[in-house]
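Each remark here refers to the structure printed beneath this line.
The values are calculated or read from the model by the stated rules, or taken from the named source; none is laboratory data. What you are looking at is a predicted structure, and each value in this text was computed from that prediction instead of being measured. Note: ideal-geometry Cβ built from the backbone for every residue, glycine included; neighbour counts use all protein chains shown. These area figures cover heavy atoms from the full protein model, side chains too; ligands, DNA and RNA do not enter into them. Shrake-Rupley method; radii C 1.70, N 1.55, O 1.52, S 1.80 Å.
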Amino acid sequence: PVILFFWTTWCPHCRKELERIDTMSRQFKQEGIKVLPVDIGESPVKVMNFLKSRNLNLPVLLDVSSTVARDYNIRGVPTYIFISKTGAIISEEHTLPSDYKELLQ
């Protein structure tokens, strides 16, 4: 299963969620869940400087042209897209729900 997390550096709620993901990264790995943060529409330099300033060590995908966000019909940030083992989109949320493991079963 995969969780795509769409975010931007200027979004205060995104920052909180990104820090939460960073804190939970070991837990996600143990649960067999791949979490992919996707920054929307910002330059690589801006994103890398942001990550360094917050001491975040997450691998981040860059959607510089916002193409991926458009493909997933992202209307606002933060947005989580939950994808099953079979590749089906299960849910779209704006915060990480406490029952995220059940969503991905």
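Need pairs with beta-carbon distance below 6 Å; first residue in contact (Cβ under 8 Å) with a residue 12 or more places away in the chain and closer than 25 Å to Cys11 by Cα and within the range 85-105, second open to solvent by less than 70 Å² (accessible area, probe 1.4 Å) and in a helix (DSSP H, G or I); sequence gap 6+ or separate chains.
Ile90/Leu103; Ser91/Leu103
Tell me which residues, restricted to the range 43-65, are assigned to a loop (DSSP other than H, G, I, E, B) and open to solvent by 30 Å² or more (accessible area, probe 1.4 Å).
Ser43, Arg54, Asn55, Asn57, Pro59, Val60, Val64, Ser65 - these are the residues of the range 43-65 that are assigned to a loop (DSSP other than H, G, I, E, B) and open to solvent by 30 Å² or more (accessible area, probe 1.4 Å).
Scan the range 23-35 for residues that are touching a residue at least 24 places away in the same chain (Cβ under 8 Å) and open to solvent by 40 Å² or more (accessible area, probe 1.4 Å) and jot them down.
Ser25, Glu31, Gly32, Lys34
So, Arg15, is that one surrounded by 14 or more Cβ atoms within 10 Å (Cβ to Cβ), of a type in the set (D, E, K, R) and modelled with pLDDT of 95 or more or not?
Yes.
Can you name the number of the only condition in (1) open to solvent by 60 Å² or more (accessible area, probe 1.4 Å); (2) in contact with a Gly (Cβ under 6 Å, 6 or more places away or on another chain); (3) not hydrophobic (A, V, I, L, M, F, W, C) that Asp99 fails?
Going through the list (1) open to solvent by 60 Å² or more (accessible area, probe 1.4 Å); (2) in contact with a Gly (Cβ under 6 Å, 6 or more places away or on another chain); (3) not hydrophobic (A, V, I, L, M, F, W, C), Asp99 breaks only (2).
For Thr9, state whether it is of a type in the set (Ser, Thr, Tyr) and surrounded by 13 or more Cβ atoms within 10 Å (Cβ to Cβ).
So Thr9 passes the test.
Every residue, every condition in (1) under 14 Å from the mean Cα position of the chain (by Cα); (2) aliphatic (A, V, I, L, M); (3) over 20 Å from Tyr72 (Cα atoms), yes or no:
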| residue | (1), (2), (3) |
| --- | --- |
| Cys14 | yes, no, no |
| Gln27 | no, no, yes |
| Val45 | no, yes, yes |
| Lys52 | no, no, yes |
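Tell me which of these Ile40 doesn't satisfy, since it passes every other one: (1) of a type outside the set (Lys, Arg); (2) farther than 18 Å from Ser91 by Cα; (3) in contact with a Lys or Arg (Cβ under 9 Å, 6 or more places away or on another chain).
Checking Ile40 against (1) of a type outside the set (Lys, Arg); (2) farther than 18 Å from Ser91 by Cα; (3) in contact with a Lys or Arg (Cβ under 9 Å, 6 or more places away or on another chain), the one that fails is (3).
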